[in-house]
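S.K.: One structure, as C-alpha cells, below. Some questions next.
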Amino acid sequence: MPRLTIHTATYNRAYILGQAYESLKAQTSKDFEWIITDDGSTDNTEELVKEWQKEDNGFPVLYNKLQHVGIPRALNSGVSKASTEWFMMLDSDDYLLPETVEKVLSWLPEIEKLPDFCGIGFARCHPDGTFMKDQVPLIDPEIGYVDASHIERKLYRLDMDMCEVHRTELYRQFPFQVWDTEKYAPEQLNFYAMALAGYKLRWRADKLYICDYLPDGQTKDDKLVKRNPMGFAMMYNQNILLSHTRKEKAVNVIRMTALALCGKHPEYILQSNAPKLAVLTFPVGAALAIRRKRQYRKLAD
C-alpha cells in the first residue's frame, strides 16, 4: 500500500490536467496513489484519465466521478476514497518538482508519532521559482523548519499559498465545510478548525509545488461571495474567534451579519461567536447587507 495520497479535484480541466500527470510520472519516488475527483466535468476528462489508468506509470490512478457539487464536497469525497495515512492536494492547473514526493516522505517520520502535529507544509512558487508573495519565510536555515499552527503562519511569513500534507484521519474528523445550498466555502474553515483544536504543522521553505494560476481558476472574488454568501458568513463567524482586538471582532461580526442577510438566513446570526456584539452591531450589519446587495446586482453571474 502506498504511503501518500495525492488528490486532484478538477472541473473541465482536461486541457491542462496532463501537466500534473506528467509531473507525477517524473517523481523520484512513486510511493503514492493519485485520486482524481472529477466534479462533473463535461469535457473529455474521463476519457483522458482512463487512458492514463492503462499506462505503466508506477503508481495507481483512481478516478472518482461526481455531479457538479463544488470544491469542498469534491475534497471530502476524495478524502473518503483515500487508502493512505497522509493526504496532499494538487490543484488541476499545478504541478510538482520531481523530488517532491521523495522529500515529503523523508520528512513525515519526524512528526508521525507526535499527536499534536496534523502534518507538514512547504512552499508553493511561481514557475520562475519566486515565492507566491514578495516575502521569504522566517525559518532558521540551520534548523530548516518551524513548528506553527495555521493561525500562527503570519508570524513566520508563511501567510501565502503553501502546500500541506495532512493526516487523512484528521481530514475525516475536520471535513471541508460548505453550506447545504451552496457549492463553496473557504478552506480556512477546515484548517483553522484544526488549529483551534490545538494541531500544528512543521513548515519548510523548500519550493516544491509550482502554481500557474489561470483565468478559469477558483478565485475568492466578489462573484464567489455573491454565489456563496453563507460559506463566507461561516468564515467571518470563525474569524471572530481569531480576532485580536475588539474592533477586529466587531468588523467580523458585522460582515457575518451582512452576508447572513444577503444569503437570506438571518437565523444564522443567532449562531454568532459573539452574540451580544451581533445584537449591538446589527443595524450596521443590515446597512452593509443593503450595500452589498446593490453591488451584487451589478455583477454578472
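The numbers here are math on the coordinates, done by the rules we state, and not lab data. Keep in mind that what you see is a predicted model, and the values were worked out from it rather than measured. Heads up, the Cβs are rebuilt from the backbone with ideal geometry, glycines too, and the neighbour counts pull from every protein chain shown.
S.K.: Quick check: pseudo-label points 7 Å beyond the Cα along Cα→Cβ at residue 212 and residue 81, how many nm apart are they?
M.R.: Calculated label separation equals 2.5 nm.
S.K.: How much length is gained if the chain between residue 113 and residue 154 is pulled fully straight, taking 0.36 nm per residue apart and subtracting their Cα-Cα distance, in nm to one decimal?
M.R.: Separation in residues times 0.36 nm, less the Cα-Cα distance, equals 12.1 nm.
S.K.: Rounded if a/c is under 1.5, else prolate if a/b is larger than b/c, else oblate: which is the stretch 177-295, with a ≥ b ≥ c the root eigenvalues of its Cα gyration tensor?
M.R.: It comes out oblate by the Cα gyration axes.
S.K.: Here is a follow-up. Can you tell me what share of the DSSP beta bridges in the chain is antiparallel? A percent to the nearest 5 is fine.
M.R.: Once the DSSP bridges in the chain are tallied, antiparallel ones form about 35 percent.
S.K.: Specify the angular offset, from 0 to 90 degrees and rounded to the nearest 10, of the alpha carbon long axis of helix 71-81 from the longest principal axis of the alpha carbons in the chain.
M.R.: Helix 71-81 sits roughly 40 degrees off the main axis of the chain.
S.K.: Can you tell me, using C-alpha contacts under 8 Å and at least 6 residues apart, the relative contact order of the chain as a whole percent?
M.R.: Across the chain, relative contact order equals 17 percent.
S.K.: Report the gain in length on full extension from residue 296 to residue 245: 0.36 nm times residue separation, minus Cα-Cα distance, nm rounded to one decimal.
M.R.: Value of the extension gain: 15.4 nm.
S.K.: With point charges of +1 on the Cβ of Lys and Arg and -1 on the Cβ of Asp and Glu, referenced to the Cα centre of the chain, which listed residue (156, 232, 28) lies farthest in the positive direction of the dipole?
M.R.: Of the listed residues, the answer is 232.
S.K.: How are the Cα pair distances of the stretch 4-210 distributed, in percent, across 5 Å bins from 0?
M.R.: 1, 7, 15, 19, 21, 18, 11, 5, 2, 0
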